[in-house]
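> Pasting in a structure now, in structure tokens, and then I'll have a few things to ask.
Read-outs: derived from the displayed coordinates by stated rules, not from any lab. Source: prediction; values computed, not measured. Cβ coordinates were reconstructed from backbone atoms using ideal geometry, including for glycine residues, and neighbour counts include every protein chain displayed.
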2 protein chains.
Amino acid sequence: METPFGKAEEVLGGSASYFSIAASFFTNIRLVAVVGEDFPREYLDFFRERGVDLQGLQRLPGRTFRWRGKYSRDLNERQTIDTCLNVFEDFRPKIPEQYRSSQYIFLANIDPDLQLEVLKQVKAPKLTAGDTMNFWIEGKLRSVKETLRAMDILTINQEEAEQLSNEDNLVRAARKISSLGPKTIIIKRGEYGALMFTAGSIFSAPAYPLEAVCDPTGAGDSFAGGFLGYLARSRKQGDRSLRKAVIFGSVMASFCVEDFSLNRLKSLSYPEIEERFREFKELTIF
Amino acid sequence: METPFGKAEEVLGGSASYFSIAASFFTNIRLVAVVGEDFPREYLDFFRERGVDLQGLQRLPGRTFRWRGKYSRDLNERQTIDTCLNVFEDFRPKIPEQYRSSQYIFLANIDPDLQLEVLKQVKAPKLTAGDTMNFWIEGKLRSVKETLRAMDILTINQEEAEQLSNEDNLVRAARKISSLGPKTIIIKRGEYGALMFTAGSIFSAPAYPLEAVCDPTGAGDSFAGGFLGYLARSRKQGDRSLRKAVIFGSVMASFCVEDFSLNRLKSLSYPEIEERFREFKELTIF
């Protein structure tokens, strides 16, 4: 990864990593993912230290997925330099027996057909959230729509929400996407924060005004981790809890981007999370 | 004016119009501006009905300033088709004797040398706010900086803040601009709301999520009108009042963009302003 602030090579990344580590500050996490034989043992130890259950982590012959990218000077554009799918190419998520009663499900941004396969393997989730991206909206719209029907909450980037709904206006975009399934739509806007649309209300969350953003990679998955992690811990789903969850998601995203890879989440403590939550209050109160 | 939602020709516009009408809902306004002989009487009547003092309005031989523009489909880009300075070309603001004791001054976005001339004519303002734009930052940076030294509050677009400070990061941009004079910097971000930087804190205000934005023209000046109008009425300048003022500014901007020209502000009532202020609370509370 290369940003205007430096370079980090062969570092831990991926939706499953960011989501599960961010969520692990709030609740117990069961991870489903795939790595190759080269995946460093120290990363496995890191997940275990954070209490992440790794029964669902497949270790296959071959190399782990790799991605190489570069951010523009203002961090608003990202260029993919190289993608090596490796063991990810034939990944079929297998949900361990002990995971099947899980109540809170997050479907990170992979092939929507795989997202559906995951859902078929869990018994009766209380809350299903997920993400998607332009690549699937363009190439597998039917499958994306089928998956959306099974989602309670969709987290999605602004541009992708516009693309999925074919609407420029976010209020109309959210309403259209909601008619496809998810009752709650969270539109992520990077440095501009997030908007949450529920049946009865709209909630606008700011981004934390950081003086130095080092690397935006993983912000969306860290957001989802903080968001769903908080909901799973609170065991409530009312508007008030959803709003607090959006702020906890924003808090985790704000820490994530302070350093490369998961470095900042690695050194993070729960009191720091609480302190930043209070700063979000200060930032918005009037 | 042409937007994806229609066209409006030969309609009232201009910073002085948007600012003074928006502010007139909160306090008494003294306007300083110039029009030509063709300026319609009905517009003068409109200002008078809203209690705007027109002693500072010069009426010169020739035609009124005109501007013709077109917005892109997503309203994020504006193209100037034609600008006719007309009587505006030789405008030298003259402050009537009765205005000189004014305590709240707003220097709308004109030549910074003229902004300074205005300031020299007022006695002891309690609060001076102003705006500027890329055209002056590029062409008259020295004068812009001289004017900034005399300002308490600067309202400025995000791109222009970045340009003026030569910083991509808004926290650093605001700090740098603040060192040039204004203690309070309000960075306007269009559909993303506004950020206010004061010595001790940062306040993030959302934009009101409108389902249909008709014409963004005048939003910034309507914001400034609501902001400064509220401060003049409250006669307070603490952090709490500044934050409420930012929201009242955002409220006025949100009404402004609902229709062409000043049409929505024309039909607006104070209870509607209060109601939308409450909706901003709903939008941000957690």
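> Suppose you put the label 7 Å out from Cα in the Cβ direction; list, shortest first and in nm with one decimal, how far B:Asp168 is from each other copy's label.
Copy-to-copy label distances for B:Asp168: 2.8 nm.
> Here's a follow-up. Under 27 Å from the Cα of A:Lys126, which lysines turn up, not counting those fewer than eight places away in the same chain?
In chain and number order, the partners are A:Lys94, A:Lys140, A:Lys145, A:Lys176, A:Lys183, A:Lys188, A:Lys236, A:Lys244.
> Using only alpha carbon pairs under 8 Å that are at least six residues apart, calculate the relative contact order of region A:81-186 and give it in whole percent. Intermediate values should be presented prior to the final figure.
Details: 143 pairs, mean separation 22.8, N = 106.
Relative CO of region A:81-186 lands at 22 percent.
> Here's something else I'd like to know. Quick one: A:Trp67, A:Trp136, fewest Cβ neighbours within 10 Å first, how do they rank?
On the way: A:Trp67 15, A:Trp136 21.
So the ranking, lowest neighbour count to highest, is A:Trp67, A:Trp136.
> Ordered by residue, what ³J(HN,Hα) values in Hz, to whole numbers, does region B:245-260 give under the Karplus form 6.51 cos²θ - 1.76 cosθ + 1.60, where θ = phi - 60° and Gly and Pro are x?
4, 4, 5, 4, x, 5, 4, 5, 5, 5, 5, 3, 7, 6, 8, 5
> Would you work out the charge dipole size for region A:2-284 about its Cα centre, treating the Cβ of every Lys and Arg as +1 and the Cβ of every Asp and Glu as -1, and quote it to the nearest 20 debye?
Numbers: 39 positive and 39 negative charges, 257 e Å.
Around 1240 debye, computed over region A:2-284.
> Using Cα-Cα distances under 8 Å and only pairs 6 or more residues apart, what relative contact order does chain B have, in percent?
Contact order relative to length: 17 percent.
> Put a point 7 Å out from Cα along the line to Cβ at B:Glu9; what are the distances to that point in the other copies, in nm, shortest first?
With the label placed 7 Å along Cα→Cβ, B:Glu9 yields 6.4 nm.
> Once R0 is set to 45 Å, what does the formula 1/(1 + (r/R0)^6) return for the Cβ-Cβ distance between B:Glu2 and A:Leu210, expressed as a FRET efficiency to the nearest 0.05?
On the way: r = 39 Å, r/R0 = 0.86.
With a Förster radius of 45 Å, E is 0.70.
> Looking at region B:2-284, what % of its DSSP beta bridges pair antiparallel, to the nearest 5?
Values: 16 of 35 bridges.
If we restrict to bridges inside region B:2-284, about 45 percent are antiparallel.
> Given charges of +1 on the Cβ of Lys and Arg and -1 on the Cβ of Asp and Glu, with all other atoms neutral, how large is the dipole of the protein assembly as shown about its Cα centre, in debye to the nearest 20? Each step should come with its number before you reach the end.
Numbers: 78 positive and 78 negative charges, 351 e Å.
My answer is approximately 1680 debye.
> Next question. ³J(HN,Hα) across region A:6-20 via Karplus (A = 6.51, B = -1.76, C = 1.60, θ = phi - 60°), whole Hz, x for Gly/Pro?
So the J values, rounded to whole Hz, are x, 9, 9, 10, 6, 10, 4, x, x, 3, 4, 5, 4, 4, 5.
> How large is ³J(HN,Hα), in whole Hz, for each residue of region A:185-201 in order, when computed from phi with the Karplus curve 6.51 cos²θ - 1.76 cosθ + 1.60 and θ = phi - 60°, using x for Gly and Pro?
With the stated coefficients, region A:185-201 comes to 10, 10, 9, 8, 10, x, 5, 9, x, 9, 10, 10, 10, 10, 3, x, 7 Hz.
> If you don't mind, there's one more thing I want to ask. Check which residues have an amide H placed less than 5 Å from B:Gly62's amide H, if you skip close sequence neighbours.
The answer is B:Glu37.
> Of A:Val11, A:Tyr104, A:Phe280, whose Cα points farthest to the positive end of the dipole of chain A (charges on the beta-carbon: +1 Lys, Arg; -1 Asp, Glu; origin at the Cα centre)?
The one lying farthest along the dipole's positive direction is A:Tyr104.
> Averaging sequence separations of C-alpha pairs under 8 Å and six or more residues apart, then dividing by the length of region B:1-97, give the relative contact order as a whole percent. Show your work: numbers first, answer last.
Working: 151 pairs, mean separation 28.1, N = 97.
With pairs under 8 Å counted, the relative contact order is 29 percent.
> Within 10 Å of each residue's Cβ, count the other Cβ atoms and sort B:Ser204, A:Ser201, A:Ser254 from fewest upward.
On the way: B:Ser204 25, A:Ser201 13, A:Ser254 22.
Ascending number of Cβ neighbours within 10 Å: A:Ser201, A:Ser254, B:Ser204.
> Moving on. For the protein assembly as shown, what does -39500 (n - 2.57) per DSSP helix run (n ≥ 4), summed and divided by total residues, give at 222 nm, in deg cm²/dmol to the nearest 500?
On the way: 22 runs with 228 residues, N = 572.
Theoretical 222 nm ellipticity from helices: -12000 deg cm²/dmol.
> Write down the percent of antiparallel bridges among all DSSP beta bridges whose residues are both part of region A:141-286, to the nearest 5. Write down the numbers at each step before the final one.
Details: 8 of 13 bridges.
Here the antiparallel bridges make up roughly 60 percent for region A:141-286.
> Follow-up question, since we're still on this one. Quick one: if the Förster radius is 56 Å, what FRET efficiency do A:Arg278 and B:Glu37 give, using the C-beta to C-beta distance and rounding to 0.05?
Working: r = 59 Å, r/R0 = 1.06.
About 0.40, to the nearest 0.05.
> Length gain on complete extension for the stretch A:Lys183 to A:Arg63, per 0.36 nm per residue less the alpha carbon to alpha carbon distance? Let's see the in-between values first.
Working: separation 120, 0.36 × 120 = 43.20 nm, distance 3.88 nm.
Gain on extension, A:Lys183 to A:Arg63, equals 39.3 nm.
> For B:Glu49, go 7 angstrom from Cα along the Cα-to-Cβ vector, then report the distances to that same point in the other copies in nm, smallest first.
Ordered by increasing distance: 7.0 nm.
> Here is a follow-up. Counting only the backbone N, which residues of region B:38-80 are under 18 Å from the spot 7 Å out from the Cα of B:Arg100 toward its beta-carbon?
Taking a point 7 Å out along Cα→Cβ of B:Arg100, the residues of region B:38-80 whose backbone N falls under 18 Å are B:55-57.
> Quick check on the exposure proxy: order A:Met133, B:Met151, B:Met252 from fewest to most C-beta atoms within 10 angstrom. If you can, show how the numbers build up before the last one.
Details: A:Met133 17, B:Met151 24, B:Met252 32.
So the ranking, lowest neighbour count to highest, is A:Met133, B:Met151, B:Met252.
> Would you grab the residues whose amide H sits under 5 Å from the one on B:Leu107? Only those 5+ places off in sequence or on another chain, please, with H modelled 1.01 Å from N.
Sorted by chain and number, the residues that satisfy this are B:Ala129, B:Gly130, B:Asp131.
> Taking the Cα centre of each part, how many Å lie between region B:40-93 and region A:89-112?
With region B:40-93 and region A:89-112 each reduced to a Cα centre, they are spaced 60 Å.
> Between B:Gln237 and B:Lys123, 0.36 nm times their residue separation minus their Cα-Cα distance comes to what?
Working: separation 114, 0.36 × 114 = 41.04 nm, distance 1.96 nm.
The B:Gln237-B:Lys123 span can extend by a further 39.1 nm.
> Tell me, in nm to one decimal, what length is gained between A:Gln79 and A:Asp168 on full extension, where the rule is 0.36 nm per residue of separation less the Cα-Cα distance?
29.6 nm
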